[in-house]
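Please read the structure below before turning to the comments.
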Amino acid sequence: MGPDSVPGPAVPWRKVLWEQQPFPDNYVDQRFLEELRRNEGIRQYRYWAVVKEAGFVGEQLSCVAIFITLWLYMEQGLLSPETLLWTSLVSALLGYGLHQALTSQVQPGCEPRTRLADLQSATIFLSFTFGFSPVLKTLTESVSTDTVYAMSAVMLLAHLVSFPYAQPSPPGSLSLNAALFASVCLASRLPGALHTFAMLSCALLVFALWPCLLHRLREKAPRQFTGVCVGVCIGGVGGLGSQWPGGAVLLALALGSVTLLCPLLLVRLQRHKDNIQGPWDEAEIHEDLSHFLHKWTEPRGAQVAADLTFKKGASQLRILYE
């Protein structure tokens, strides 16, 4: 493949598709590699910037560890459900006030949510959770304890894997449902219905409301966000260490790998990245087709046009549908 395989005719070769030329289909001339581009649009990462973004992953991992620690304390009778409920209530009020203080403006096209609507949502959830707590307490009586623990571990792992770390407000439905499912499984192994209600309320606070506040904090107060992430990670390791020292060591190693080692590998391996682009790339649509799609929805129908620009060709193909 190349100019040496065909003797040069008098007619110069043109990079077009609609014209019959005295060249093979795979023929290219010396200008083929002139359009070669390397690492176009590659984003250069800074180590501490990546560490800061990875802090959200470590913080969420620590939140799971804190939740497991609270469950262990309640299972062993070291933490009463009343204490957990009052602590969760005070934390929710403080977090709600901080979230409202950090919310400076409403996004365009979105109506502001009133405090009355927030109070109604919280009241409905707490009422239904409290009413169904006896049912949830006996939900897994016919399931063995080992199976319940295995399902909880798998669901918490699914929560961490599917969590939308880039845009955690609101949390993804898959990650939130997995976390709540694991919470129900663990809460069903607690002594009473009030324990189950307290555990599920704490799960809502940790897995649903806390990520929204942390996301707002990351946008409005980046320095405080870093300090909060460090504090949560320390709290997760310390709390888990009070019940399971081996687990605390594993958690510390995981946090170090996620927040320090993985960003270092990303920055180091970035220099070896070699992405080439050239005339062999696929066709790209450079025109915004949203206005054509809008016309398509009109009752009478409309003319839809799309311009396909081919990098391998020097022309444009216009396709018209009526």
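The values are calculated or read from the model by the stated rules, or taken from the named source; none is laboratory data. Remember, predicted model here, so these are calculated numbers, not experimental data. Counting neighbours? That spans all protein chains shown, and the Cβs are built from the backbone with ideal geometry, glycine included. What goes into the accessible areas is simple: the full protein's heavy atoms, side chains included, and nothing from ligands, DNA or RNA. Shrake-Rupley method; radii C 1.70, N 1.55, O 1.52, S 1.80 Å.
How about region 39-102: which trypsin sites (Lys or Arg not before Pro) there lie in a loop by DSSP and see at most 11 other Cβ atoms within 10 Å?
Arg43, Arg46
Short version: ³J(HN,Hα) in whole Hz for each residue of region 236-243, in order, from phi by Karplus 6.51 cos²θ - 1.76 cosθ + 1.60 (θ = phi - 60°), x for Gly and Pro, what are they?
x, 5, x, x, 5, x, 6, 10
For Cys202, Cys262, Cys233, what's the largest-to-smallest order of accessible area, 1.4 Å probe?
Accessible-area ranking of Cys202, Cys262, Cys233, largest first: Cys262, Cys233, Cys202.
So what does Ile276 come to for accessible area, using a 1.4 Å probe and Å² rounded to 10?
Near enough 80 Å² of accessible area.
How big is the gap, in Å, between the Cα center of region 205-267 and the Cα center of region 54-73?
For region 205-267 versus region 54-73, the Cα centre distance is 8 Å.
Need one number: the % of Cα-Cα pairs in region 20-164 sitting beyond the 17 Å mark.
When every Cα pair of region 20-164 is considered, 82 percent fall beyond 17 Å.
What list of ³J(HN,Hα) values in whole Hz, one per residue of region 169-176 in order, does the Karplus curve 6.51 cos²θ - 1.76 cosθ + 1.60 (θ = phi - 60°) give from phi, with Gly and Pro shown as x?
10, x, x, x, 5, 5, 5, 5
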